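The values are calculated or read from the model by the stated rules, or taken from the named source; none is laboratory data. Treat the numbers as computed from the prediction; the structure is a model and nothing was measured. Counting neighbours? That spans all protein chains shown, and the Cβs are built from the backbone with ideal geometry, glycine included.
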Amino acid sequence: MALLAMLTSCSEKEKTYKIAISQCGSGRWRDKVNSEMLAAQHLYEQNVKVDVVEAHDNTERQIRQIDSLANTDIDLLVVAPNEAAPVSEAIAKVKKKGIPIIYFDRKAETENYTAFIGGNNIEAGKAMAYYALSLIDEFHASRHKPKVVEITGAMSSSPAQERHEGFLSVMKEHGNLEYIYKEADWSSDKACLITEEQIDSEQMPDIIFCHNDGMATGVYKAVVGKGVEGKIMILGIDGLPDEGIEYVQLGHQIGSYVYPTHGERIVKLALDILTGHPYERDNELQGMMVTPRNADLMALNTNELIRQNKDLMTIQDKLEAYFGLYNTQRKVLIGSFIAIILLIVAFVMMWRAYIQTRKVIRQRQTLNEEETLFYTNADNRKLRQIFEPTKENTPAPRSQDTIFAETLNEAILKNMSNPNLKMDDLGDEMGLSRVQLYRKVKAITGLTPVELLRQMRLQRGYALLQSTNKTVNEIAYEVGFGTPGYFSTCFKKQFGKYPTDVRADI
C-alpha cells in the first residue's frame, strides 16, 4: 500500500492556479485583453488556468456569473464591473470567502478588492481635451464660437464617469467655446443619432469627442450621411490597430487614445498575489495619443505585437496537445504498473489466506481426532459435559495488539485535555520508549503517535459538538488543542467542514 501511495503521489500535478475573468461585455478592446490573458497562461513559472465569462453589458447576468464563480474552486477573480454600484454586493460575497479580487479597467463602489490594474481614465479625458483645444487653435476659423460635443459611455460605469471628469475639468477652464455632453451608453447607433441632431442644430459641432472608438464610428456614419465629412473633427479612445488607429490612418478620425490592455500584466499581478510576492494595490497602465503624425508607426508596432501574440497562442495550443498526449500515455503506463502491483499483492494475499486456511483445517482435524479418541475411551457422560464446555461460555482470545490498543486508548483519553502532552509521557505511562511506542503504533494503525492523537482529539471534538451545548472554544481546549483557531483548521482538513458548520447542521 505504501508503494501504491507513492506511485499515485508521483502522478499528481503541481498546483494549477485557477483565475476567473468576469468581463462586463465584449468588443474589440476586451477581445484583445482576453487573448493577451489567455496567451499569458504559459509565460510564467507557475501553472495557470484562465477562464473568461462575459456578461454582454447585462449587470444582472454579471451578478449571477460572479455568484456562480464564487461557488467553484477558483483561486482568484478578476472583474471589470458593468456598473459600479449594483455588482458591489456580489463582489463583497466573493471577498468574504477569502478569494482575492482584482479590478481591471473599471472599479465597483466597494473597497472589497485586493488590487486594481488599468489605465487612468481621468488622464485619458484630460489628454483628449487638451488635444481638442490644440485642434481648435490650429484649424478653427474665428467667425463663430467653437463648439465641442462630448459623447459619453454609460455614466453608471467608472470609465465613463472618469473620462468625463477629466475632459470636463479642462473644458470648463475655457469659456471661449461652447461645450455640451450627451450620453450614448457605449452605443454606436445612439452616437449616430446624437450626431445627426447636433448637425441639424443651430450650430454644427467643430469637434466631437467619443468615449470610445466604437461610438466614433457612429459619429462618422452620421457625418458622411449628412454630407459634412471633413467639417467635423472626430476623436475617440481605445486606439486598437483595426479600429481607432486605422480610422486615424483613413482620415475618419483626427485622433484616438491608446487605452492600454496588457492582459499579461493582469495575469502577473494575479500570480504575485497568489504566491505571496510583493505587489502594488493600484497599478496604472500608461496610454498615449494617436494622431495623423504617428498613426502609421503605431499601427506597425501594434500589428507586430498582435502577430507575435497569435504565434504564441499557436505554440501554446500545440504544446497543450503534446502535453495532453504525453500525460495520457504516462497515465496509461502508471495505471498498468499499478494494476500489475495490485495483481501481485492480491495473489500474495490469496496465497497467504490459502496457507492460513490449510493450517486452520489441519488444526481442527487434529483437535477432532483428539476429542474423538478421548470420548471413545470415556464411559462417563458426566466427564464429557465437564471437558466439553459450550461455545457461549468460552471467552474469545485477546491478542497482544488488542491489549496494547486498549491500553493506549485509555492513556490517550486520560491525558487528552493536556495540550502539552508528549509522546514520551505516553511511552512512560505504558512502559515503552519513544521509539518502541512509535513502531508499535505505526505497525498497528499505520499512523504515527502524533497523527493518532490528533485524529482521536478531532473525533472527540466532533462527538462533543453533536452531543453537548459547549462552545467551540470550550471543546477545543477540552480535547487538548492549544488554540481554537488551530482546532478549526485541523477540523476543516479532517472533516471538510468547520466546527460551526457541524453545529449549523444539527
(request) Identify the residue in the range 97-114 that is modelled with pLDDT of 90 or more and not hydrophobic (A, V, I, L, M, F, W, C) and, among all such residues, is farthest from Asp272 (Cα to Cα). (result) Lys97
(request) List every residue pair whose Cβ atoms lie under 8 Å apart, where the two residues are 6 or more positions apart in sequence or sit on different chains, the first residue falls within the range 176-199 and is not assigned by TED's automatic domain parsing to the domain that holds Asp57, and the second residue, located anywhere, is among the acidic types (Asp, Glu). (result) Tyr179/Glu150; Ile180/Glu150; Tyr181/Glu150; Lys182/Glu150; Trp186/Asp57
(message) Looking at Gly482, Gly461, Gly431 in this structure, which one is of a type outside the set (Lys, Arg), touching a residue at least 60 places away in the same chain (Cβ under 8 Å) and more than 11 Å from Ile412 (Cα to Cα)?
(response) Gly482
(request) Mind listing whichever residues of the range 141-187 are in a strand (DSSP E or B) and hydrophobic (A, V, I, L, M, F, W, C)? (result) Val148, Val149, Ile151, Ile180
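Yes/no matrix, rows are residues, columns are (1) farther than 17 Å from Val33 by Cβ; (2) hydrophobic (A, V, I, L, M, F, W, C); (3) not in a helix (DSSP H, G or I):
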site	(1), (2), (3)
Glu196	yes, no, no
Pro205	yes, no, yes
Ile208	yes, yes, yes
Gly214	no, no, no
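So which residues in the range 75-96 are modelled with pLDDT of 95 or more and more than 19 Å from Asn121 (Cβ to Cβ)? First the steps, then the outcome.
Filtering the range 75-96 down to residues modelled with pLDDT of 95 or more leaves 75-79.
Residues satisfying the conditions are Asp75, Leu76, Leu77.
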(request) Identify, from the list Ala127, Ala154, the residue that is modelled with pLDDT of 95 or more, hydrophobic (A, V, I, L, M, F, W, C) and under 30 Å from Tyr103 (Cβ atoms). (result) Ala127
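From the residues in the range 253-297 that are part of a loop (DSSP other than H, G, I, E, B) and without any contact (Cβ under 8 Å) to a residue 60 or more places away in the chain, which one is surrounded by the fewest Cβ atoms within 10 Å (Cβ to Cβ)? Talk me through it step by step, then tell me what you get.
Applying the first criterion (part of a loop (DSSP other than H, G, I, E, B)) to the range 253-297 yields 253-254, 259-262, 275-281, 286-287, 291-294.
If we keep only those that are without any contact (Cβ under 8 Å) to a residue 60 or more places away in the chain as well, we get 253, 276-278, 292-294.
Details: Gln253: 28, Gly276: 7, His277: 10, Pro278: 5, Pro292: 12, Arg293: 11, Asn294: 14.
Checking each candidate, the answer is Pro278.
Would it be correct to say that Arg163 is among the basic types (Lys, Arg), crowded, with 22+ Cβ neighbours inside 10 Å and under 15 Å from Tyr257 (Cβ atoms)? It would help to see each step written out before you state the result.
Details: among the basic types (Lys, Arg): yes; crowded, with 22+ Cβ neighbours inside 10 Å: yes; under 15 Å from Tyr257 (Cβ atoms): yes.
Taking the combined requirement at face value, the residue satisfies it.
Per-residue answers, yes or no, for (1) basic (Lys, Arg); (2) under 36 Å from the mean Cα position of the chain (by Cα); (3) surrounded by 14 or more Cβ atoms within 10 Å (Cβ to Cβ); (4) not in a helix (DSSP H, G or I):
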{"position": "Asn418", "(1), (2), (3), (4)": "no, no, no, yes"}
{"position": "Glu429", "(1), (2), (3), (4)": "no, no, yes, no"}
{"position": "Val435", "(1), (2), (3), (4)": "no, no, no, no"}
{"position": "Arg460", "(1), (2), (3), (4)": "yes, yes, yes, no"}
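Return the only residue of Val472, Val441 being within 30 Å of Lys97 (Cα to Cα), modelled with pLDDT under 90, surrounded by 18 or more Cβ atoms within 10 Å (Cβ to Cβ) and of a type in the set (Val, Ile, Thr). Show your work before the answer.
Working: Val441 fails: within 30 Å of Lys97 (Cα to Cα).
Criteria check complete, one pass: Val472.
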